[in-house]
Structure formats: structure tokens, C-alpha cells
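Enquirer: Please read through the structure below; I'll follow up with questions.
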Amino acid sequence: MDIIDLSIEKGKHVSSNHDLNQQTWNDFEKAAKKKKIVLFGAGACSGCFFKEYGDQLILEGVVDNDRRKQGLCLDEFISETFGLKSGKKTISDMSLFDSHDKDELVVLITSVNFYEEIILQLEQMGIQSYFVLLIMEANRRKTLPEDICSNDEEGEKGRFAKQCCEKEPINRKKIFFKSYGDYADHGKYITEALLNIRKDLDVVWSVDDMGTEVPEGVRKIYGRNWKLVIYEMETDAMWIFDLPVPEYVIKRQGQLYLQTKHWASVTLKKFYLDASTFQAVPEKIKVWKREKELIDHIITGSEFDTVSCRRGFEFQGEVLQYGSPRSDGLFHEAENRKKVYEYYHLKKECNVLIYAPTYRFSKTKGKTAAESRNIGLNFHQTKKALETRFGGEWYIMTRLHPSVATAFEKVEKPDFVIDASRYGDSQELVSASQILISDFSSIMFEAAFVKKPVFLFATDLEDYISNEYELLIPYDELPFPVAESNEELEQRIVQFDMDSYREKV
């Protein structure tokens, strides 16, 4: 099921405008013979146009309201433009329409969510000739047999990967990175160390936001452009990932795969093939069984880490117990505090607490779906306890797990609470803050590495241990004060003894 099918399933192909609902590709082709074509939208839906027409219909231009895409080429975002002349078209803002006679243009709107708003924009500019790709494609698919409509994208990806392997040489100086964050985690710090050592490497990062800032010497590619991802991976000498590689990618002879995992030198929970939670999910077992056959080395930061990774990945190869690259970022407190405080416009004299709970498995969707836990923290009560024990002015930053990062965006919160879930580097946040509260996230250990106070707030402690993940370390043996209610947390903060805490850590 592709993006068109998903949008049809949700009824997005039905407009309130009856005439719009009658549009067909034949109507568009007739208009396109007499006018200049402008594509409005450089999203996934655009691929349908290029899959059908390739370079047969010449584009006058491409417009997108997303500023992050403007100035970049079409083929950086749309897989189907790979190798096409049209793919080299630069994405523009609305000003492109100002340099053309409006009557000469026909606009193909590729957005599935905002085409009616875009139509209003066009009509206000005097453009009356426009077509909606989703509606035309929905009308086309109504007339086709179901087997022809079915989308074999996975098969197409596998064939393209095989084609790259057969035709394209491996670049021995190219390294491919992918992380849970766009430019983050161990890969970020490995990259920056590499750039200091070597200036001749082609360092490629797969990101979901092309606006992500990266240092000079790093080349970004759009992670949802599957053809570009496959091409880069099949021609790289080395992959450095903290999540599994795509199943359609073929590992070639001579390529090296380093798995860094996305935690530091100590993790609290059993994971992957060592976790009973995963045993009930065959598709996850399949992914990690494949991973263990592909991985050449796992980078670990402690003997504890090495032992748990051997179990979690069922890995018998060479482990590189060299340290925790991302933890290096914790030891630049002054630099990180300046950066984070400036980013969020905080006063230098104020203090910051990071609240970083992990996700829970969905009770309704099952153990393949992560969801945010109910934010049970009483922010006002916690702030008052911090002021009582430590003094000064306090802000609370929430940092949700990457898989549920958007869950807190629309929640009403006090002025002193900042949603930092989208901030690129969690190590910079921990380093910049004074205190951390978590529940079961292994970020707790990183704050402890630099002796910052850590409090554990787990209102569902018994349920989590019984139904989510088994723990590698008993919860009551952790060196952190534990609270199962806001009242307990207030008490733990007010009574906190730094000397005793540091000794336990």
C-alpha cells in the first residue's frame, strides 16, 4: 500500500468541490500540451507523476511551501526522479509564479493533505488551471483490476539494489551513517573524530530533515528517498548504524558494517533477541536475526555492555570495546550549556532539569507499537521542590524517546516547561542541565557519568517490570532515589544528599 492508497483509505481524495472530484489524467495531459507545467509539492506523492511520465513531460518548475526543501534539487527528495533530467530541477518558493504569465501555466498539485489550501493560494494569484494528483490517481485506480493497482515497492527496492551491486563500484573512501536522530548519537561523535583525522573521506548521513545542521565535510541525503539510500549504501565501503539496516539492501563483499547501538556503556533493559518481549513479535525477531548475520563489529563501552550486546544481538563476532563515543559530549559542560541556553533563550543564571521518560508499548496496538507514557509529572510541585532544595530559578525540559518525540507537542504546559524532544543531541541537553529525572531510560547512566543528580520517577513501576522489559540491573540496586508518586518525588528532591549520592554512583 503506497501513499496514494493510504490517502484514499482515509477519504482524502474526496473534495468538497464536485468539479475537482471529476479530474482525470487525460484532462491533465490535454492541458499540459498547451501550457507550461509547474509541480506544486516535492513530497512522496510526486513520485507517482514521475513513475508514469519520466522525462516525457517537461517541467517549467517546482514549488514547495516547505522552506527546508527550497533551493535543493527534486531528486534529493523523490526516488522516482533518480537519473532523470527533471530530477535536477531546483525547488522554488511561490515567487516562481511571479516570473510567468499565469495563463501559460498548468499546476499539478501533489500534496495529499493540503491541496484545497494550495488551490486557494493559486486562485488568489490568478492561476485557474490546476489539477490534483491524488484525485486523478484515485479515479484512475477505480478503473483498474486490483492486481494491477497493487504496489510492489519492496520488490522494486530489491531489484534496484541488485542492479546497483551489478553496475556500481564500491567507493573505498565513502562511509554511510544512519541514526535514530538525524545527526546524533554515537555516529555524530565518530563522524567528528573522523573529520579531524581525515579530509579525503566522503561522509554520508541519511537524515529525515534536510535542514539538519551538519559540519563541513558531511554530505546529507534524504532518508525517505529510497533509491538514493540504496545507491549510497551499495557504493559505500562502510555502514555505521545504531538501528537495523533496511532489509532490501544487499551487503556486498568487501563492505564493513559497524553497529553502535543507541545507548551508552550501560543499559538498564534486556533488548532485541535477549528480550522475551520481542519473542512474541516474529517480524522483529526476523529483523534482528538478519542483523546478526550482517554485522562485522559492535562498538561497546564496558564489559557489561559487551556481554549484554552479545546476548541481545546473539553476536559471536569481534566486539570493539573502545568506549561510548556519544558520552564524550557530556564532558564539555560550559560549551554545551552556552549552546542549549542560547537555543532556548534561557538566562545564564537559571537552572535546568531534564525529564526524560522512555516509551511504553501500546495496550491497544500491541507490542510492535510504541506510545508515550502519560506525562504524570506534576511540574509545579517538582519546580517548587527544586527551588526549596537547590535554590534559584528552574526550567523543566521534557525529552521523550525518539519513537514518540511528537507526543508532547500539543499538550498544554506551564511557561517554565520546554519540550526538548526535537533537539538534535540528548547528550548536549544532559551536559547543559543540572539534574535529570527519568524512569527506565538508560540516559540515567549518562547523567551519572558526570555525577549529576538523577531521580527516578516511575508511577507504573510494577506494571512496567511485569509487562514491558526485563531489567539487566534490579531497579532497587540502582544508585538513584526512586519515587512512585509526585509526593514521593518531592520528598526525594527536598531530602537529597549530594555526598551520599556520589558515593553510591
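The values are calculated or read from the model by the stated rules, or taken from the named source; none is laboratory data. The model shown is predicted, which means the values in this text are computed figures rather than measured ones. Please note: Cβ atoms are built from the backbone with ideal geometry, for glycine as well, and neighbour counts cover all protein chains shown. Accessible surface is based on the protein model in full, side chains and every heavy atom, while ligands, DNA and RNA are left aside. Shrake-Rupley method; radii C 1.70, N 1.55, O 1.52, S 1.80 Å.
Enquirer: For the stretch 412-428, give me each residue that is without any contact (Cβ under 8 Å) to a residue 24 or more places away in the chain and either open to solvent by less than 30 Å² (accessible area, probe 1.4 Å) or in contact with a strand residue (DSSP E or B) (Cβ under 7 Å, 6 or more places away or on another chain) (or both).
Expert: Within the stretch 412-428, ASP419, SER421 meet the criteria.
Enquirer: Quick check on this structure: which one of PHE440, PHE455 is modelled with pLDDT of 95 or more and not small (Gly, Ala, Ser)?
Expert: On the way: PHE440 fails: modelled with pLDDT of 95 or more.
On inspection, the qualifying residue turns out to be PHE455.
Enquirer: Scan the stretch 339-361 for residues that are open to solvent by 40 Å² or more (accessible area, probe 1.4 Å) and either part of a loop (DSSP other than H, G, I, E, B) or free of Cβ contacts under 8 Å to residues at least 40 places away in the same chain (or both) and jot them down.
Expert: Residues satisfying the conditions are GLU342, TYR344, HIS345, LYS347, LYS348, GLU349.
Enquirer: Sticking with this one: Check off (1) on the phi > 0 side of the Ramachandran plot; (2) open to solvent by 70 Å² or more (accessible area, probe 1.4 Å) for ASN26 and give me the number that stays unchecked.
Expert: Unmet for ASN26, out of (1) on the phi > 0 side of the Ramachandran plot; (2) open to solvent by 70 Å² or more (accessible area, probe 1.4 Å): (1).
Enquirer: Now a separate question. Of everything in the stretch 184-236 that's in a helix (DSSP H, G or I) and among the basic types (Lys, Arg), which residue is nearest to ASP75 (Cα to Cα)? If you could, list the steps in order and put the result at the bottom.
Expert: Residues of the stretch 184-236 in a helix (DSSP H, G or I): 185-197, 226-234.
Applying the additional criterion that residues be among the basic types (Lys, Arg) yields 188, 227.
Numbers: LYS188: 25, LYS227: 10 Å.
This residue is LYS227.
Enquirer: Additional query: Quick check on my filter: what residues within the stretch 378-411 are aliphatic (A, V, I, L, M), free of Cβ contacts under 8 Å to residues at least 40 places away in the same chain and within 22 Å of ALA432 (Cα to Cα)? It would help to see each step written out before you state the result.
Expert: At the first step, the residues of the stretch 378-411 found to be aliphatic (A, V, I, L, M) are 385-386, 396-397, 400, 404-405, 407, 411.
Within this subset, residues satisfying the condition of being free of Cβ contacts under 8 Å to residues at least 40 places away in the same chain are 405, 407, 411.
The answer is ALA405, and nothing else.
Conditions (1) closer than 26 Å to ASP208 by Cβ; (2) of a type outside the set (Ser, Thr, Tyr); (3) touching a helix residue (DSSP H, G or I) at 6+ places or on another chain (Cβ under 8 Å); (4) at pLDDT 95 or above, marked per residue:
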{"site": "TYR53", "(1), (2), (3), (4)": "no, no, no, no"}
{"site": "LEU57", "(1), (2), (3), (4)": "no, yes, yes, no"}
{"site": "GLY61", "(1), (2), (3), (4)": "yes, yes, yes, yes"}
{"site": "ASP64", "(1), (2), (3), (4)": "yes, yes, no, yes"}
{"site": "ARG67", "(1), (2), (3), (4)": "yes, yes, no, no"}
{"site": "SER92", "(1), (2), (3), (4)": "yes, no, no, yes"}
{"site": "HIS100", "(1), (2), (3), (4)": "no, yes, no, no"}
{"site": "LEU105", "(1), (2), (3), (4)": "no, yes, yes, yes"}
{"site": "LEU108", "(1), (2), (3), (4)": "yes, yes, yes, yes"}
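Enquirer: Go through the residues of the stretch 76-83 one by one and say whether even a single one is surrounded by 21 or more Cβ atoms within 10 Å (Cβ to Cβ) and at positive phi.
Expert: Going residue by residue through the stretch 76-83, those that are surrounded by 21 or more Cβ atoms within 10 Å (Cβ to Cβ) are 77-81.
With at positive phi added as a condition, the list becomes none.
No, that holds for no residue.
Enquirer: Could you run through the stretch 248-302 and say how many residues are surrounded by fewer than 19 Cβ atoms within 10 Å (Cβ to Cβ) and of a type in the set (Val, Ile, Thr)?
Expert: The total comes to 5.
Enquirer: Report whether or not GLY158 is open to solvent by 20 Å² or more (accessible area, probe 1.4 Å), under 26 Å from LEU74 (Cβ atoms), assigned to a helix (DSSP H, G or I) and among the small types (Gly, Ala, Ser).
Expert: Judged against the criteria, GLY158 is a match.
Enquirer: Could you tell me which numbered condition PHE50 fails, if it satisfies all but one of (1) open to solvent by less than 10 Å² (accessible area, probe 1.4 Å); (2) closer than 22 Å to ASP75 by Cα; (3) out of contact with any Ser or Thr (no Cβ under 6 Å at 6 or more places or on another chain)?
Expert: Result: PHE50 fails condition (3) only.
Enquirer: Filtering the stretch 162-179 down to residues that are charged (D, E, K, R) and buried (at least 16 other Cβ atoms within 10 Å of the Cβ), which residue is nearest to TYR248 (Cα to Cα)?
Expert: Step by step, filter the stretch 162-179, then rank; the result is LYS178.
Enquirer: Restricting attention to helices (runs of 4 or more DSSP H) lying wholly within the stretch 429-505, give those where 3 or more residues are touching a helix residue (DSSP H, G or I) at 6+ places or on another chain (Cβ under 6 Å), open to solvent by less than 30 Å² (accessible area, probe 1.4 Å) and not small (Gly, Ala, Ser). Even if it seems obvious, please write down each step before you answer.
Expert: Numbers: elements: 443-449, 461-467, 486-494, 498-504.
Those helices (runs of 4 or more DSSP H) do not exist here; none qualify.
Enquirer: Identify all residues within the stretch 255-295 that are over 28 Å from PHE449 (Cβ atoms), acidic (Asp, Glu) and in contact with a strand residue (DSSP E or B) (Cβ under 8 Å, 6 or more places away or on another chain); write none if there are none.
Expert: GLU283, the sole residue that qualifies.
Enquirer: Oh, and also: Pick from LYS188, LYS227: which is at pLDDT 95 or above and over 21 Å from GLY424 (Cβ atoms)?
Expert: Residue meeting the stated conditions: LYS227.
Enquirer: Only one residue in ASP182, ASP209, ASP236 is touching a Lys or Arg at 6+ places or on another chain (Cβ under 6 Å) and either open to solvent by 10 Å² or more (accessible area, probe 1.4 Å) or modelled with pLDDT of 95 or more (or both). Which one?
Expert: Of ASP182, ASP209, ASP236, the one residue that is touching a Lys or Arg at 6+ places or on another chain (Cβ under 6 Å) and either open to solvent by 10 Å² or more (accessible area, probe 1.4 Å) or modelled with pLDDT of 95 or more (or both) is ASP236.
Enquirer: Here is a further query. Just name the residue that is farthest from TYR343 (Cα to Cα) out of those in the stretch 396-411 that are surrounded by fewer than 19 Cβ atoms within 10 Å (Cβ to Cβ) and of a type outside the set (A, V, I, L, M, F, W, C).
Expert: SER403
Enquirer: Further, regarding this structure: Which is out of contact with any Cys (no Cβ under 7 Å at 6 or more places or on another chain) and open to solvent by 30 Å² or more (accessible area, probe 1.4 Å), of GLY223, GLY187, GLY217? Talk me through it step by step, then tell me what you get.
Expert: Working: GLY223 fails: open to solvent by 30 Å² or more (accessible area, probe 1.4 Å); GLY187 fails: open to solvent by 30 Å² or more (accessible area, probe 1.4 Å).
When all the criteria are applied, what remains is GLY217.
Enquirer: Does at least one position in the stretch 485-504 carry a residue that is β-branched (Val, Ile, Thr), within 31 Å of the chain's Cα centre (by Cα) and modelled with pLDDT of 95 or more?
Expert: Filtering the stretch 485-504 for residues β-branched (Val, Ile, Thr) gives 493-494.
Still in the running and within 31 Å of the chain's Cα centre (by Cα): none.
No; the residues of the stretch 485-504 include none that is β-branched (Val, Ile, Thr), within 31 Å of the chain's Cα centre (by Cα) and modelled with pLDDT of 95 or more.
Enquirer: If you go through the stretch 31-38 one residue at a time, do you hit one that is within 33 Å of the chain's Cα centre (by Cα) and open to solvent by 10 Å² or more (accessible area, probe 1.4 Å)?
Expert: no
Enquirer: Here is a follow-up. If the requirement is being of a type in the set (Val, Ile, Thr) and under 26 Å from the mean Cα position of the chain (by Cα), which of these qualifies: VAL454, VAL430, VAL450, VAL482? First the steps, then the outcome.
Expert: Values: VAL454 fails: under 26 Å from the mean Cα position of the chain (by Cα); VAL450 fails: under 26 Å from the mean Cα position of the chain (by Cα); VAL482 fails: under 26 Å from the mean Cα position of the chain (by Cα).
After applying the criteria, what remains is VAL430.
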